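Single-structure report; data block below.
The values are calculated or read from the model by the stated rules, or taken from the named source; none is laboratory data. Keep in mind that what you see is a predicted model, and the values were worked out from it rather than measured. To get the accessible areas, we keep the full protein, side chains included, count just its heavy atoms, and leave off ligands, DNA and RNA. Shrake-Rupley method; radii C 1.70, N 1.55, O 1.52, S 1.80 Å.
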Amino acid sequence: MHMPDPRPPGLPPSADEPLAPAPPGLGSRIALRLAAPAVIGAATGGCVAAANWLTTDHALALLAALPGSWPAVFSPFALLVTLGVATWVTRASRPSTSELYIVTYHSSEARLPLREVPGRVLGAMTTVSFGGSQGLESASALIGAAFGQLTRRLFRNGFPEDERRALMVCGASAGIAAVFSSPAVGALYGIEIPFRRDVDARRLVPCAVAAASAYTVRAALIGARHLVVLDAMPTVDTVFVAGALLVAVACGLGARLFAWAGERLKYRAGHETPLGRAAGAGVLLAVLALAGHAASGSWITFGPGYLAADWLLAGPHPLWLLGATLLIRTAGTLTCVYGGGGGVFTSLACTGTFIGQIVAEALGRTESHVFSFLGAACFLGSGYRVPLACMMLICEQSRSIPVVLAGIVAVAIGQVLMGPDSVSDAKRRDRMD
């Protein structure tokens, strides 16, 4: 209940009452919400582009181009080298790189351990470069968040203290926009990823500006790259509606199963030595790489999922092969989770791409990649509980109102089937202000 002020009107607050901070002026608002996010986004986009150019465009491409079974020889070292980086360079492994931004967001100080950022980025790059089934998404978010925090330090007198999170948050959004080649996903990542069913809407404007800036720089430097590109518009009929519903149900339940398996593997990993699980996971990763290559002729377990998606969408493939390669690719991602690898952002979208393509082949509707596209958005939105970001992804990359409508409904169904679970343990249920 609102209590009336007992003081006569017009009197100033008493000495023991805290003074409310003065609202920032127009110049401060422009700097905080437009200028600084644009600069942070540009810097983040450049660094993320460089990391991707070195890792996925060159190191991983060179690895996959080796003759015969030689690429799999390097897989056992993926998690061992990452462990070495965490031990001697980063000097920290908890929280994991995929959880660090979320944990920092919820801390009272909202400050990253900046000395750890170079090591965590290097660790993510080594995992991918040696054939791990993961990407640079978490590391990219850290790069952006670090730029935001450095900007806050540099201009500590220019930004109000109660907005100290804003620059870090927009930096994380910039990192995801650059690495995932989607300003729409990036704009909502920083404010949606910390929560399971809430969003920090106050920072939407700086996040959107930073995401757009980061994507523009990345696209200018090395070009954009998408898992699935809609090259044709689907025929909208009852089969299309049925397929979209099948994709939604399969992705929602599949993401829930993935989250459960990841939780069990993390629990088991906590009862083993880091060296033992990194070595064991590396051997299993090599076995999965060989199995995937034997089945598909491509190194589908390597990297965040672009190699796998390229092979998948070059089909058609028989259903049994799609099911087998789906299991192999997903097992590779979970193996990296167990062995101490990085995040699974794009890997989740890759799993959804497989599910969507299975539905397309089963229904005989492979004239477009629409079900693969919907599967990528739905599985990612369900697994990481970022429905708004993935709905925006569908609006951004589709050119058809029926596809947008089907995608929004599919992502919503996936959220319902996902229940309260998430692949991230650090996400809070609600925002607590």
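Specify whether the C-alpha gyration tensor of region 283-422 places it in the rounded, prolate or oblate class, a ≥ b ≥ c being the square roots of the eigenvalues: rounded for a/c under 1.5, otherwise prolate if a/b is larger than b/c and oblate if not. The shape class here is oblate. Cα gyration tensor of the chain, axes a ≥ b ≥ c as square roots of the eigenvalues: rounded (a/c below 1.5), prolate (a/b > b/c) or oblate? Taking the square roots of the gyration eigenvalues as a ≥ b ≥ c, the chain is prolate. Couplings 3J(HN,Hα) for region 377-389, derived from phi with the Karplus relation 6.51 cos²θ - 1.76 cosθ + 1.60 (θ = phi - 60°), are 5, 6, 5, 5, x, 6, x, 8, 6, 10, x, 5, 4 Hz, where x marks Gly and Pro. Among Glu99, Glu361, the sequence by solvent-accessible area, most first, with a 1.4 Å probe is Glu361, Glu99. For the chain, the solvent-accessible area of protein heavy atoms averages 42 Å² per residue (probe radius 1.4 Å; ligands and nucleic acids excluded). Using the Stokes-Einstein relation with a Kirkwood hydrodynamic radius computed over Cα pairs, the translational diffusion coefficient of region 185-272 at 37 °C and a viscosity of 0.692 mPa s comes to 191 µm²/s. Find the percent of Cα-Cα distances in region 21-143 that exceed 26 Å, and round it to a whole number. Here the tail beyond 26 Å accounts for 34 percent of pairs.
Grab the DSSP H runs of the chain that are 4 residues or longer, score each as -39,500 (n - 2.57), total them, divide by all residues and round the 222 nm result to the nearest 500 deg cm²/dmol.
Dividing the helical sum by the residues of the chain leaves -20500 deg cm²/dmol.
Rolling a 1.4 Å probe over the protein heavy atoms of the chain, with every protein chain left in place, gives an accessible area that is 68 percent carbon and sulfur. 3J(HN,Hα) couplings calculated from phi for region 323-335 with the Karplus curve 6.51 cos²θ - 1.76 cosθ + 1.60 (θ = phi - 60°) are, in sequence order, x, 5, 5, 4, 5, 5, 5, 5, 4, x, 5, 5, 4 Hz; Gly and Pro show x. Which of the three applies to region 86-187, rounded, prolate or oblate, going by the alpha-carbon gyration tensor with a ≥ b ≥ c and a/c under 1.5 meaning rounded? Because a/c hits 1.5 or more and a/b fails to exceed b/c, region 86-187 counts as oblate.
Could you derive backbone 3J(HN,Hα) for region 76-86 from the dihedral phi with the Karplus parameters 6.51, -1.76 and 1.60 (θ = phi - 60°), listing whole Hz in sequence and x where the residue is Gly or Pro? For region 76-86, the Karplus curve yields x, 8, 4, 7, 5, 5, 4, 5, x, 5, 5 Hz.
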